[in-house]
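Each remark here refers to the structure printed beneath this line.
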Amino acid sequence: MTWAAEYERKKKTAREALRVVESGMRVWIHANSGFPQVLANALADRGSEVRDVEVAHLLGLGYARYAEPRFAASFRPNALFIGANVRAAINDGRADYTPIHLSEIEAMFTSDEMPIDVALIHVSRPDEHGFVSLGTSIETTLSAARAAKYVIAQTNDQMPRTCGNTFLHVNEIDAFVEVSEALVEMPGHEITDEQRAIAKHIVGLIEDGCTLQTGIGGIPDAILPHLMDRRNLGVHTETISEGAIPLIDAGVINGRNKTLNPNKVTLGFVLGTRRMYDYVKENQIFDFRPNSYTNDPYVVARHDNMVAINSALEVDITGQVCSDSVGQSFYSGFGGQLDFIRGAGRSKNGKPIIALPSTAKGGTVSKIVPMLKPGAGVVTTRADVRYVATEFGIVNLHGKTIRQRAELLISIAHPKFRKELYEHCEKMKWTRAGELVGAL
């Protein structure tokens with residue numbers, strides 16, 4: 001049978017394809033802009049027919065009907081990174097959160113620690129050789145599909161074919177549901193004055209020939225335009241924002257000096273608008289890889305001059321970094337932060353950076369705190385953190401004592417909170433006569 005005949009034989013409606021899901025199964029759902037909305041809706045439509053189906057996933061940009069309270073007995077979402085579509089369900093106790101490094105997820109599929117019964121994926125139409133591409137979001141889903149007992153693919157003529165390790169053959173997929181719909185977009189962030197100030201401090205650490213991991217958000221968007229005067233930058237990252245497009249077009253990002261995978265932008269997925277999705281289509285500078293590769297700290301460390309920039313929700317004055325929760329309320333996940341912090345920390349001339357505004361909630365709350373909130377999770381430990389940047393400066397905590405760390409972090413806290421931070425140091429007996437005064 002030719003691949004084309006096999007593809008035709010496997011075509012189904014979404015309702016027909018999802019009949020394979022039975023009570024007690026584990027279903028994996030494609031992440032990010034690859035969220036297969038038609039298949040996810042068809043799964044939710046099975047709610048009256050199944051019980052205790054675990055729905056495992058990373059961040060998804062689509063609407064998760066299966067996470068609604070009315071389906072609590074039917075589906076139990078399990079977020080390995082929390083997105084807005086399941087955050088309320090997790091904090092209401094109707095869904096689970098699994099804290100894990102992004103680099104380690106795929107090994108759970110292949111080792112049967114987390115076996116996948118059914119994988120719901122979102123792919124391009126087959127090419128002339130019978131291969132479909134996972135397009136904009138490879139991350140851990142390629143490995144989930146290869147490990148799953150049954151694979152259902154939402155094939156979309158608007159999913160771009162991307163370069164790298166993004167392909168599955170028609171014979172590796174059990175059912176196809178054809179759709180034609182635009183991918184979910186993530187609009188750009190409005191850049192604040194604080195983020196611009198933070199960016200100016202970080203830009204000074206990015207030299208010609210560096211390899212970058214920047215992620216998405218206001219701070220990366222503020223940093224990238226300041227790099228137009230750099231030469232021969234590289235990118236090795238889990239994701240990248242649209243701010244990289246002008247740098248690639250100008251030849252600033254060309255990967256020429258990368259010590260691993262030169263001349264390529266190596267990444268696991270993209271989030272953004274149609275502009276970004278169109279830009280990566282068959283663009284050979286992009287080398288999409290699974291996150292078991294992009295986020296492996298050993299692989300990251302093989303890049304000389306690696307600059308990794310990650311965000312945080314709060315940092316205490318000993319250097320502990322919380323990024324996945326607000327107190328006991330889970331917010332996001334470990335993602336790749338520690339993967340890249342540790343990888344960049346072991347890179348020759350590497351610079352791991354935590355970047356955050358000094359305050360939140362309109363300036364009423366300090367994000368540099370005496371102690372993390374009760375229940376807050378530590379994503380990056382004291383021993384791993386190096387550079388920390390706010391709009392008030394950037395400091396390097398590596399090899400510093402608790403007393404020295406406190407002084408440095410107080411110096412980049414918002415001035416109106418520095419006195420209370422200093423008073424905490426006195427209470428903890430971390431000060432000597434005259435110490436920390438210059439930080440106030």
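Quick notes
- The residue list Val299, Val315 contains one member that is open to solvent by less than 40 Å² (accessible area, probe 1.4 Å), of a type in the set (A, V, I, L, M) and part of a strand (DSSP E or B), which is Val315.
- Matching residues in the stretch 187-223 - criterion: being among the acidic types (Asp, Glu) and farther than 23 Å from Asp304 by Cβ: Glu190, Asp193, Glu194, Asp221
- Meets criteria (closer than 23 Å to Ile82 by Cα, touching a residue at least 12 places away in the same chain (Cβ under 8 Å) and either within 26 Å of the chain's Cα centre (by Cα) or open to solvent by 30 Å² or more (accessible area, probe 1.4 Å) (or both)) for Gly375: yes
- Subset of the stretch 137-158 [out of contact with any Lys or Arg (no Cβ under 7 Å at 6 or more places or on another chain) and in a strand (DSSP E or B)]: Ser137, Tyr150, Val151, Ile152, Ala153, Gln154, Asn156
Listed here are the residues, each with its yes/no results for (1) closer than 18 Å to Glu178 by Cα; (2) at pLDDT below 95; (3) among the small types (Gly, Ala, Ser).
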| site | (1), (2), (3) |
| --- | --- |
| Ile90 | no, no, no |
| Ala107 | no, no, yes |
| Glu113 | no, no, no |
| Arg125 | yes, no, no |
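- With respect to the conditions (1) modelled with pLDDT of 95 or more; (2) under 19 Å from Thr166 (Cβ atoms), Leu271 lacks only one, and its number is (1).
- Residue within the stretch 239-247 that is at pLDDT 95 or above, assigned to a loop (DSSP other than H, G, I, E, B) and of a type outside the set (A, V, I, L, M) present: yes
- Strands (runs of 3 or more DSSP E) fully within the stretch 349-440 counting 3 or more residues that are of a type in the set (A, V, I, L, M, F, W, C) and within 30 Å of Asp304 (Cβ to Cβ): 351-355
- Filtering the stretch 170-185 to residues that are of a type in the set (A, V, I, L, M), assigned to a strand (DSSP E or B) and open to solvent by 60 Å² or more (accessible area, probe 1.4 Å) leaves nothing.
- Neighbours by Cβ (under 6 Å, 6+ apart or cross-chain): first from the stretch 184-203, without any contact (Cβ under 8 Å) to a residue 24 or more places away in the chain; second open to solvent by less than 80 Å² (accessible area, probe 1.4 Å) and in a loop (DSSP other than H, G, I, E, B): none
- Checked against (1) in contact with a Leu (Cβ under 8 Å, 6 or more places away or on another chain); (2) on the phi > 0 side of the Ramachandran plot; (3) open to solvent by 40 Å² or more (accessible area, probe 1.4 Å), Asn32 meets all criteria but (3).
- Residue within the stretch 384-401 that is at pLDDT below 95, under 15 Å from Gly319 (Cβ atoms) and open to solvent by less than 10 Å² (accessible area, probe 1.4 Å) present: no
- Filtering Gly272, Gly188 for residues that are among the small types (Gly, Ala, Ser), within 17 Å of the chain's Cα centre (by Cα), closer than 16 Å to Gly34 by Cα and part of a loop (DSSP other than H, G, I, E, B) leaves a single hit, Gly272.
- Total residues in the stretch 248-293 satisfying the condition of being in contact with a Gly (Cβ under 6 Å, 6 or more places away or on another chain), open to solvent by less than 10 Å² (accessible area, probe 1.4 Å) and over 24 Å from His226 (Cα atoms): the figure is 2.
- Residue within the stretch 160-169 that is aliphatic (A, V, I, L, M), open to solvent by less than 10 Å² (accessible area, probe 1.4 Å), assigned to a strand (DSSP E or B) and more than 18 Å from Gln37 (Cβ to Cβ) present: yes
- Long-range neighbours under 6 Å by Cβ, at least six apart or interchain, first residue touching a residue at least 40 places away in the same chain (Cβ under 8 Å) and on the phi < 0 side of the Ramachandran plot within the stretch 205-217, second part of a strand (DSSP E or B) and of a type in the set (Val, Ile, Thr): Ile206/Val307; Cys210/Val307; Leu212/Val235; Leu212/Val307; Thr214/Ile309
- From Val299, Val321, Val280, Val307, residue being over 24 Å from Gly255 (Cα atoms) and touching a strand residue (DSSP E or B) at 6+ places or on another chain (Cβ under 9 Å): Val321
- Taken over the stretch 248-265, residues that are more than 14 Å from Asn283 (Cβ to Cβ) and either modelled with pLDDT under 95 or touching a Lys or Arg at 6+ places or on another chain (Cβ under 8 Å) (or both) amount to 5.
- If the condition is being of a type in the set (D, E, K, R) and outside any loop (DSSP other than H, G, I, E, B), then the stretch 318-340 contributes only Asp339.
- Residues of the stretch 294-316 satisfying the condition of being touching a residue at least 60 places away in the same chain (Cβ under 8 Å), small (Gly, Ala, Ser) and touching a Gly at 6+ places or on another chain (Cβ under 8 Å): Ala308, Ser311
The values are calculated or read from the model by the stated rules, or taken from the named source; none is laboratory data. Quantities reported herein were computed from a predicted structural model and do not represent experimental measurements. Using ideal geometry, Cβ is built from the backbone for each residue, glycine included, and neighbour counts are taken over all protein chains shown. The protein model used for the area step is the full one, side chains on, heavy atoms only, and it has no ligands, DNA or RNA in it. Shrake-Rupley method; radii C 1.70, N 1.55, O 1.52, S 1.80 Å.
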